[in-house]
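Engineer: For reference, the structure I am asking about is given below.
The values are calculated or read from the model by the stated rules, or taken from the named source; none is laboratory data. All of these numbers come straight from a predicted model, not from anything done at the bench. Positions of Cβ are backbone-derived with ideal geometry, glycine not excepted, and every protein chain shown enters the neighbour counts. Only protein heavy atoms, including side chains, enter the accessible area calculation; ligands, DNA and RNA are left aside. Shrake-Rupley method; radii C 1.70, N 1.55, O 1.52, S 1.80 Å.
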Amino acid sequence: MDQDNKNPMHQDKKDEQLEQFRRQNTGKPMTDINGQKVANDQKTLRAGKRGPLLMQDFHFYKKQSHFNRERIPEKVVHARGFGVHGVFEATESLEEYTMAKFLEPGKQTPVFVRFSNFIGNRGSKDTAVDIRGFATKFYTEEGNYDMLALQFPVFILADAMKFMDVTHAAKPEPRQHMPQATVAHDNFWDYVVSNPESAHMVMWVMSMRGRPRSWRMMEGYPINTFRFINKEGKSTFVRFIWKPKLGVHSLMLDEANVIGGVDPDFHRRDIVEAIESGAFAEYDLCVQLIAEEDEFKFDFDILDDTKLWPEEEVPPKVVGKMTLNRLMDNFFAEEEQSAFNPSNLVPGIEFTNDPVLQGRSFAYRDTELYRQHSANYEELPINRPISDVNHNLRDSYLKYPIEQDNVHFHNNMQAENTPHEVPPEEGGYENYPGKVEGHVTREHPSDSFQDYYSQARLFWNSLSMPEKQDLIESFSFHVGSVKNMSIRQKTVEMFGNVDTDFATMLAENVGVEPPKEGHVDYDKSSPALSMMNTPHSAMTSRVAVLIGDGFDGEEVQKVLNALMDVKAKVDIVSETLSPVKGKDGTELTPTQTFLTVHPTLYDSIFIVGGKAKNQMKFDQGIMDFFKMQYMHMKPIAISSGGEKYMMKTEDNNMDGVVLAADNPEFTEQYIDALAMKRFWDRT
């Protein structure tokens, strides 16, 4: 169609469509792509007037790396994740330590959180023994602030140079590309014994913490050491912790393995069901603070990410609460396209010389530039700041805003030198003027970086007996899958430095010699590290009611009401999905059958029993549930007519099994048992 024959009305509609993408940067303050106001857009950050450029100059890196990708060429870890929306509300004043506005008491900030697994591909399972990501994007009025956490307080390496190596070691081996989503193979344990700084984190990975019951019951640790900067320019070292309101709870090893096959989406299903029912996930944000003058006060280096800051020595302070209360509208547009970067900071939060953090400041943005094939990925709706964004960055793939400015360079006359720099006192980001001195080197920041085993032993010393037994079982399962006997032997010798008895039991289980040397002389413990000391609650438990016809309606309804009060997710499990009827005419509609669910998917069962068409198959289904729930130490409630399903022997103490018969406090006792989660003294 030639120009003269175009429909003017059609052109107007198209113009209206384009109008929403038109914008101007000129005449406004300059910001980074993530919404930070820019204090200096002309000079790079360097170590002294005549010193080298610092990698932590994230404004230069963003500006230059974007420019490098402005032209389209002529003719590419944490893959499995899930995201939810929420809100963070600051509750305690941190004005003494930081000028970050989103941490002012009463301030509410929208957030997007992505939970992820490190090892497996996007199609693997949620319940793998793994390192989990807990990344939070705060959409603050000063630009986006990204807090990237793991479920452990320590990392597997002390220097960013090994990012590639540990990932190659943990991923499936390159010939057959197996195994998927597990470190039960030679390459990983070869890496571990060859890189002893991994000892501490490997203890955490192999512990119950490596198998969370739910993302709603998992702590989050950004692992790196940051600085808080207050309005006077004073610096305080800080580490962050997310603490779940429901406490920290986990799956047993075989339980996690079974669930991975029965329901690979177990964790995402859990959070979807919780949010849909109004049982929102809640976390306290805590900060651990160390004064600048106390940097060298401890028996660990505060910049070493293989070391934690024991809570008994550096008490965490609760400063706010995050509530995850809204699901995504579109998985690809929000979760798959979401991008997080530890360099997305706001005034009042700054880097330290933490060697891993320094490397992360480069790695994350460059990964997304490759992954999303565009320097404009931060313009995608899920990544876009809610604060105003004005800059001189241009073009590249997928540039959908229509920039109307004729001028797109800094220091100009035509646009009165806009977008203009913003002085620090007006919110422009200013880097902390920390002192830098010394020779160019590849040495560790201090000798204590090479103390590989003291804090690993601290972790062992802090565990309860059930946690220690579980840790030995998990190590034995993974190391027992290693084919190379030399690697098995070296693993035992390495962890003999942590605890001789532990390594000796491991040696027996995996068929090698016990360690020849004793463990390190370190007797400290941290009660905060034991999951036995976490909050316990019946709230949001997942319960299966196993029921047939002829039940006691009043008794069952009383239990269902109590479960509703604690916002439990209740499934009525029966022979079929047809309604079941009680002796008093009460009618319940099953939501699952013994064919469609598995015992491992529940925190507890309430055995009611009753009549069924195929009575033998029905009774066997209930007994299978009882056996597995009993084996996994979970609370079990049994109605006044359900005792025949108990498989009681002289060897079973029935700890945590609550009986309704002749028990007026049955319901209350069952809810108390539900809060306990596991009964570790059960035989």
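Engineer: Please list, ordered by first then second residue, the pairs with beta carbon atoms under 7 Å, 6 or more apart or interchain, first in the stretch 25-47 and in a loop (DSSP other than H, G, I, E, B) and crowded, with 19+ Cβ neighbours inside 10 Å, second among the aromatic types (Phe, Trp, Tyr) and at pLDDT 90 or above.
Structural biologist: Partner pairs satisfying both residue conditions: Gln36/Tyr429; Ala39/Tyr429.
Engineer: Yes or no: Gly247 surrounded by fewer than 24 Cβ atoms within 10 Å (Cβ to Cβ), on the phi > 0 side of the Ramachandran plot and touching a helix residue (DSSP H, G or I) at 6+ places or on another chain (Cβ under 7 Å)?
Structural biologist: When the stated conditions are applied, Gly247 passes them.
Engineer: Being β-branched (Val, Ile, Thr), open to solvent by less than 10 Å² (accessible area, probe 1.4 Å) and more than 20 Å from Gly359 (Cβ to Cβ): is that true of Val154 here?
Structural biologist: No.
Engineer: Name every residue in the stretch 627-667 that is at pLDDT 95 or above, over 13 Å from Phe606 (Cβ atoms) and among the basic types (Lys, Arg), in order of residue number.
Structural biologist: Lys627
Engineer: Still on this structure, I have one more. Give me the residue from the stretch 158-200 that is among the acidic types (Asp, Glu) and more than 24 Å from Ser124 (Cα to Cα) and, out of that set, surrounded by the most Cβ atoms within 10 Å (Cβ to Cβ).
Structural biologist: Among those that are among the acidic types (Asp, Glu) and more than 24 Å from Ser124 (Cα to Cα), it is Glu197.
Engineer: With the condition kept exactly as written, say whether any residue in the stretch 435-446 is out of contact with any strand residue (DSSP E or B) (no Cβ under 7 Å at 6 or more places or on another chain), charged (D, E, K, R) and outside any loop (DSSP other than H, G, I, E, B).
Structural biologist: No, because not a single residue in the stretch 435-446 is out of contact with any strand residue (DSSP E or B) (no Cβ under 7 Å at 6 or more places or on another chain), charged (D, E, K, R) and outside any loop (DSSP other than H, G, I, E, B).
Every residue, every condition in (1) surrounded by 19 or more Cβ atoms within 10 Å (Cβ to Cβ); (2) of a type in the set (Phe, Trp, Tyr); (3) in a helix (DSSP H, G or I), yes or no:
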position: His267; (1), (2), (3): yes, no, yes
position: Val272; (1), (2), (3): no, no, yes
position: Gly278; (1), (2), (3): no, no, no
position: Glu282; (1), (2), (3): no, no, no
position: Leu285; (1), (2), (3): yes, no, no
position: Gln288; (1), (2), (3): yes, no, no
position: Glu293; (1), (2), (3): no, no, yes
position: Asp299; (1), (2), (3): no, no, no
position: Asp305; (1), (2), (3): yes, no, no
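Engineer: Residue check: is Val436 in contact with a Leu (Cβ under 9 Å, 6 or more places away or on another chain), open to solvent by 40 Å² or more (accessible area, probe 1.4 Å) and of a type in the set (Val, Ile, Thr)?
Structural biologist: Here the answer is yes, as Val436 does meet what is asked.
Engineer: List pairs: first residue in the stretch 517-534 and within 22 Å of Asp451 (Cα to Cα), second residue open to solvent by 60 Å² or more (accessible area, probe 1.4 Å) and not acidic (Asp, Glu) anywhere in the structure, Cβ distance under 8 angstrom, at least six positions apart or on different chains.
Structural biologist: Pro527/Asn533
Engineer: While we're looking at this one, here's another question. Would you mind finding the one in Pro105, Pro110 that is within 20 Å of Ile33 (Cβ to Cβ) and open to solvent by 20 Å² or more (accessible area, probe 1.4 Å)?
Structural biologist: After applying the criteria, what remains is Pro110.
Engineer: Can you spot a residue in the stretch 134-146 that is at pLDDT 95 or above, open to solvent by 10 Å² or more (accessible area, probe 1.4 Å) and in contact with a Lys or Arg (Cβ under 9 Å, 6 or more places away or on another chain)?
Structural biologist: Taking every residue of the stretch 134-146 in turn, at least one turns out to be at pLDDT 95 or above, open to solvent by 10 Å² or more (accessible area, probe 1.4 Å) and in contact with a Lys or Arg (Cβ under 9 Å, 6 or more places away or on another chain).
The rows are residues; the columns are (1) part of a loop (DSSP other than H, G, I, E, B); (2) farther than 28 Å from Ala158 by Cβ; (3) in contact with a Gly (Cβ under 6 Å, 6 or more places away or on another chain).
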residue	(1), (2), (3)
Pro310	yes, no, no
Gly320	no, yes, no
Phe332	no, yes, no
Glu335	no, yes, yes
Ser343	yes, no, no
Ser361	no, no, no
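Engineer: From the list Lys627, Lys648, Lys634, which one is of a type in the set (D, E, K, R) and more than 39 Å from the chain's Cα centre (by Cα)?
Structural biologist: Step by step, each of Lys627, Lys648, Lys634 is checked, and only Lys648 is of a type in the set (D, E, K, R) and more than 39 Å from the chain's Cα centre (by Cα).
Engineer: I've got another one for you. Kindly indicate whether any position in the stretch 372-383 is open to solvent by less than 50 Å² (accessible area, probe 1.4 Å) and touching a strand residue (DSSP E or B) at 6+ places or on another chain (Cβ under 7 Å).
Structural biologist: Yes, the conditions are met somewhere in the stretch 372-383.
Engineer: Right, here's the next one. Can you tell me which residues in the stretch 655-683 are in a loop (DSSP other than H, G, I, E, B), open to solvent by less than 40 Å² (accessible area, probe 1.4 Å) and either among the aliphatic types (A, V, I, L, M) or in contact with an Asp or Glu (Cβ under 6 Å, 6 or more places away or on another chain) (or both)?
Structural biologist: Across the stretch 655-683, the qualifying residues are Ala660, Ala661, Phe679, Arg682.
Engineer: Anything in the stretch 471-492 that is over 23 Å from Pro212 (Cβ atoms), within 30 Å of the chain's Cα centre (by Cα) and of a type in the set (Ser, Thr, Tyr)? List them, or say none.
Structural biologist: Once the filter is applied, which keeps residues that are over 23 Å from Pro212 (Cβ atoms), within 30 Å of the chain's Cα centre (by Cα) and of a type in the set (Ser, Thr, Tyr), the stretch 471-492 yields only Thr491.
Engineer: Still on this structure, please answer the following. Could you please let me know if Gln56 is open to solvent by 80 Å² or more (accessible area, probe 1.4 Å), on the phi < 0 side of the Ramachandran plot and assigned to a loop (DSSP other than H, G, I, E, B)?
Structural biologist: no
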